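Visitor: Structure provided below as structure tokens; questions to follow.
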Amino acid sequence: MKTYSRLHAKLSQGKFVVTGECGPPRGANKAVIDKKIKLLNGYVDAVNVTDNQTAIVRMSSIAASAHLVAAGLEPVMQMVVRDRNRIAIQSDIMGAYSLGIKNILCLSGDHQKFGSQPDAMNVFDIDSVNLIRTIKDMRDIGRDMSGFELDVAPQMFIGAAANPFADPFEYRVIRLAKKIDAGADFIQTQCIYNVDRFKEWIRQANDQGLTENVYILGGVTPLRSAGMARYMKNKVAGMDIPEEIIQRMDGVDKKNQADEGIAICLETIEMLKEMTGVHGVHIMAIEWEDAVGRIVNQAGLQ
């Protein structure tokens, strides 16, 4: 079986993988990336590099991913369709592959009205499903969207996102199936707090045979405080944090809430490890990269 990256190889071997996340800086300071590399190195199998997340201008995901490659880490370069037309998208895919970037995560991108420059023009020339299909065709057929034959086709491991917690719920597995049909090799999910709802989503995916055709990584985010939990519940679209989680965070002293958040994260990981159809975890420790090593060690994921 051909493998496209180290991440793909580990998944194909049946290993329960761990991916982390690295948000590029709001500037050109490579030292910020270097610091995050040190915190994540040795604990994760690959690192997502976000693409102007929350529609705020940051160092490009391609450049930040190249810094990870140079340091020996394997990036999962995120690409959003918000900011590029199809010409720029295909150009960036080829450029990224030439720099040693072998994993890509295809996303729509947060709408610019929620970011720091709400008057910016969005693009959305193609959607995230068509982005998946475009990369698959470039990889497997060796041609760009115009039909031009590529001298070297970008052999990338293709990822997509899934949110089991968005409404309507009955559409969630249908949406997953569309992304798999378009060519997604792996899926990373939204942060899991409502475990019961996630269990029902993965049950449906298993029943339809979808998990036989894609690797699913369950997303987890350690909560640092009860205030963070409330903010995410009330202000972040598509987030489902049950009230009992917030009450649990409220039930400990503020100085101990970060520890409680990690404890909840560890409990979620233990449940994910036992679920059929789940092949790993994606740890999104938002600007809290130093928590990743602790979580990985305590969860026995190394």
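The values are calculated or read from the model by the stated rules, or taken from the named source; none is laboratory data. This structure is a prediction, so every number in the text was calculated from the model and none was measured. Quick reminder, even Gly has a Cβ in these numbers, built from the backbone with ideal geometry, and neighbours come from all protein chains shown.
Visitor: For the structure I just gave you, tell me whether ILE132 is in a helix (DSSP H, G or I), in contact with a helix residue (DSSP H, G or I) (Cβ under 6 Å, 6 or more places away or on another chain), in contact (Cβ under 8 Å) with a residue 24 or more places away in the chain and under 25 Å from ALA9 (Cβ atoms).
Guide: Details: in a helix (DSSP H, G or I): yes; in contact with a helix residue (DSSP H, G or I) (Cβ under 6 Å, 6 or more places away or on another chain): yes; in contact (Cβ under 8 Å) with a residue 24 or more places away in the chain: yes; under 25 Å from ALA9 (Cβ atoms): yes.
Criteria met by ILE132.
Visitor: List the helices (runs of 4 or more DSSP H) inside segment 8-117, counting only whole elements, that have at least 1 residues being touching a Leu at 6+ places or on another chain (Cβ under 8 Å) and within 30 Å of GLU274 (Cβ to Cβ). Let's see the steps before the verdict.
Guide: Working: elements: 30-40, 61-70, 86-98.
The qualifying helices (runs of 4 or more DSSP H) are 30-40.
Here is a yes/no grid of residues against (1) in contact with a helix residue (DSSP H, G or I) (Cβ under 7 Å, 6 or more places away or on another chain); (2) of a type outside the set (Asp, Glu); (3) touching a residue at least 60 places away in the same chain (Cβ under 8 Å):
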residue	(1), (2), (3)
SER12	no, yes, no
ALA31	no, yes, no
LEU40	yes, yes, yes
VAL49	yes, yes, no
THR54	yes, yes, yes
PRO75	yes, yes, no
SER91	no, yes, no
LEU105	no, yes, yes
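Visitor: Another one. With the requirement that a residue be under 15 Å from ILE286 (Cα atoms) and among the charged types (D, E, K, R), what does segment 27-57 give you?
Guide: LYS35, LYS36, ASP51
Visitor: So, of the residues in segment 207-253 that are among the acidic types (Asp, Glu) and in a loop (DSSP other than H, G, I, E, B), which turns out to be surrounded by the fewest Cβ atoms within 10 Å (Cβ to Cβ)?
Guide: Looking at the filtered set, the residue picked out is ASP253.
Visitor: Continuing with the same structure: Of the conditions (1) farther than 22 Å from GLN298 by Cα; (2) of a type in the set (A, V, I, L, M); (3) modelled with pLDDT of 95 or more; (4) out of contact with any Phe, Trp or Tyr (no Cβ under 8 Å at 6 or more places or on another chain), VAL214 clears all except one; give me its number.
Guide: Only one criterion in (1) farther than 22 Å from GLN298 by Cα; (2) of a type in the set (A, V, I, L, M); (3) modelled with pLDDT of 95 or more; (4) out of contact with any Phe, Trp or Tyr (no Cβ under 8 Å at 6 or more places or on another chain) is unmet by VAL214, namely (4).
Visitor: Would it be correct to say that ALA166 is among the hydrophobic types (A, V, I, L, M, F, W, C), under 27 Å from GLU74 (Cβ atoms) and touching a helix residue (DSSP H, G or I) at 6+ places or on another chain (Cβ under 8 Å)?
Guide: Values: among the hydrophobic types (A, V, I, L, M, F, W, C): yes; under 27 Å from GLU74 (Cβ atoms): no; touching a helix residue (DSSP H, G or I) at 6+ places or on another chain (Cβ under 8 Å): yes.
Against the criterion (among the hydrophobic types (A, V, I, L, M, F, W, C), under 27 Å from GLU74 (Cβ atoms) and touching a helix residue (DSSP H, G or I) at 6+ places or on another chain (Cβ under 8 Å)), ALA166 does not qualify.
Visitor: In contact with a Phe, Trp or Tyr (Cβ under 6 Å, 6 or more places away or on another chain), among the hydrophobic types (A, V, I, L, M, F, W, C) and buried (at least 20 other Cβ atoms within 10 Å of the Cβ), is that true of ALA64?
Guide: Details: in contact with a Phe, Trp or Tyr (Cβ under 6 Å, 6 or more places away or on another chain): no; among the hydrophobic types (A, V, I, L, M, F, W, C): yes; buried (at least 20 other Cβ atoms within 10 Å of the Cβ): yes.
Spelling it out, it is not the case that ALA64 is in contact with a Phe, Trp or Tyr (Cβ under 6 Å, 6 or more places away or on another chain), among the hydrophobic types (A, V, I, L, M, F, W, C) and buried (at least 20 other Cβ atoms within 10 Å of the Cβ).
Visitor: Considering only segment 135-153, how many residues are within 22 Å of ASP51 (Cα to Cα) and either out of contact with any helix residue (DSSP H, G or I) (no Cβ under 8 Å at 6 or more places or on another chain) or exposed (fewer than 14 other Cβ atoms within 10 Å of the Cβ) (or both)?
Guide: Taking segment 135-153 and keeping what is within 22 Å of ASP51 (Cα to Cα), we get 135-136, 138-139.
Imposing the further condition that a residue be either out of contact with any helix residue (DSSP H, G or I) (no Cβ under 8 Å at 6 or more places or on another chain) or exposed (fewer than 14 other Cβ atoms within 10 Å of the Cβ) (or both) reduces the set to 139.
Of the residues in that region, 1 qualify.
Residue-by-condition table, conditions (1) at pLDDT 95 or above; (2) over 22 Å from VAL152 (Cα atoms); (3) among the hydrophobic types (A, V, I, L, M, F, W, C):
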{"residue": "VAL32", "(1), (2), (3)": "yes, yes, yes"}
{"residue": "ALA66", "(1), (2), (3)": "yes, no, yes"}
{"residue": "GLU74", "(1), (2), (3)": "yes, no, no"}
{"residue": "SER98", "(1), (2), (3)": "yes, no, no"}
{"residue": "ASP119", "(1), (2), (3)": "no, yes, no"}
{"residue": "SER128", "(1), (2), (3)": "yes, yes, no"}
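Visitor: Hey, can you tell me all the residues within segment 35-53 that are of a type in the set (S, T, N, Q) and within 14 Å of the chain's Cα centre (by Cα)? Please lay out each step first, then the result.
Guide: Here is the first cut: in segment 35-53, the residues of a type in the set (S, T, N, Q) are 41, 48, 50, 52-53.
Within segment 35-53, ASN48, THR50, ASN52, GLN53 meet the criteria.
Visitor: Of the numbered conditions (1) at pLDDT below 95; (2) more than 21 Å from the chain's Cα centre (by Cα), MET145 fails exactly one; give the number of that condition.
Guide: (1)
Visitor: With closer than 26 Å to GLN117 by Cα and in contact with a Cys (Cβ under 9 Å, 6 or more places away or on another chain) as the only criterion, which of GLN78, GLN53 stands out?
Guide: Answer to the selection: GLN78.
Visitor: When you look at GLY100, is it in contact (Cβ under 8 Å) with a residue 60 or more places away in the chain and on the phi > 0 side of the Ramachandran plot, yes or no?
Guide: no
Visitor: What residue, of GLN204, GLN112, GLN188, GLN117, is of a type in the set (S, T, N, Q), surrounded by 15 or more Cβ atoms within 10 Å (Cβ to Cβ) and in contact (Cβ under 8 Å) with a residue 60 or more places away in the chain?
Guide: Among GLN204, GLN112, GLN188, GLN117, only GLN188 is of a type in the set (S, T, N, Q), surrounded by 15 or more Cβ atoms within 10 Å (Cβ to Cβ) and in contact (Cβ under 8 Å) with a residue 60 or more places away in the chain.
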